[in-house]
Amino acid sequence: MKELNSLLEPGMLVRHPEQPDWGTGQVQSNIGGRITVNFREQGKVVLDSARVSLLPVHDG
């Protein structure tokens with residue numbers, strides 16, 4: 001779980017596996033296991049990478 005999150009970089013697009021209604025999010029930062037993502041439908045959210053494994057989006 002943590003390994004994939006550690007590869008996330010600012011600008012990458014992701015989805016939250018447990019919150020599909022949030023839509024696609026863009027990674028803002030990934031520092032010390034805390035990932036800040038700006039989701040289209042939810043806004044800016046700070047996530048703990050130990051608790052959630054974000055899913056990369058490759059098609060936008």
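Each value in this text was obtained by applying a stated rule to the coordinates, not by laboratory testing. Fair warning: this is a prediction, and the values are worked out from it, not measured in the lab. All Cβ positions, even for glycine, are placed from backbone atoms using ideal geometry, and neighbour counts span all protein chains on display.
Here is how the numbers come out for the structure above:
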| quantity | calculated |
| --- | --- |
| Dipole magnitude of segment 2-56 about its Cα centre (Cβ charges: Lys, Arg +1; Asp, Glu -1), debye to nearest 20 | 100 |
| DSSP-assigned coil residues among GluC sites (Glu not before Pro) in the chain, each with at most 13 further Cβ atoms within 10 Å | 18, 41 |
| Trypsin sites (Lys or Arg not before Pro) restricted to the chain and DSSP loop, no more than 12 other C-beta within 10 Å | 40, 51 |
| J(HN,Hα) series, segment 35-50, from Karplus relation 6.51 cos²θ - 1.76 cosθ + 1.60, nearest Hz, glycine and proline x | 10, 9, 10, 9, 8, 4, 9, 10, x, 7, 10, 9, 10, 8, 5, 6 |
| For residue 57, residues with placed amide H under 5 Å, excluding near neighbours | 13, 14, 15 |
| CD proxy at 222 nm, helix term only [per DSSP H run n ≥ 4: -39500 (n - 2.57); per residue of the chain; nearest 500] | -1500 deg cm²/dmol |
| Over segment 2-56, relative contact order from alpha-carbon pairs under 8 Å, at least 6 apart, % | 35 |
